[in-house]
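No value in this document is a laboratory result; all are computed from the given coordinates. Note that the structure is predicted; figures quoted are calculated from it, not measured. Virtual Cβ from ideal backbone geometry, glycine too; neighbours counted across all protein chains shown.
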Amino acid sequence: MRRILMIAVVLLSTVLVKAQDNSNRIGMGLGGFYRPAASATLFWEHETHYHNAWEFFATGSLKLDDFEYLGTNYRCWGVGAAWKPCLYRARNRYGSARIGVSLGAAPTDFLAGIHAGWQHSYALRKGWQFYWQAGVDVMIPKRDDLIRVGAGIGIKMPVRIR
């Protein structure tokens, strides 16, 4: 009897451990940067083993030069990819480093970016997640926005591909 119970526990635990592997999520986030700017991001995330993940994103930024008159704002967009190795795990939450690259454009310039930061995710019901992130972007060739420091929040919703 003990042997059968032990086999059932081992089989059940292996099924539960693999339940989160290879899942996909679509997400949306809003954030801000130092030197007043706002950004919005849409992304697709593929989670691999142990909450490590790949993220493919499209982002748009609006640099606010003058708060009173929105006509002087500077807009840019980009697409990119990020690798997110999980460095911290706890019950219903985990934290990941975020390392990525992007390519994009502003009204008169081409932009390339290198991104590094931290993303902390909290598990909600039915596979949904809430996250906050903070990071640093190095943007090339822009000299006035060479280094951008920012933070953001967002939501991830599960995608069921069968």
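Values as computed for the structure displayed
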quantity	calculated
Label point distance in nm, residue 34-residue 3, each placed 7 Å from Cα along Cα→Cβ	6.5 nm
Dipole magnitude (debye, nearest 20) for the stretch 22-159, charges at Cβ of Lys, Arg, Asp, Glu	680 debye
Dipole of the stretch 22-159 [Lys/Arg +1, Asp/Glu -1 at C-beta], most positive-end residue of 101, 81, 124	124
Residue 48 long-range amide H proximity, modeled H, under 5 Å	22, 53, 54
Under-5 Å amide H pairs with residue 111, H placed in peptide plane, nonlocal only	104, 105, 106
Contour excess over end-to-end distance, with Cα ends at residue 105 and residue 81 and 0.36 nm allotted per residue	7.0 nm
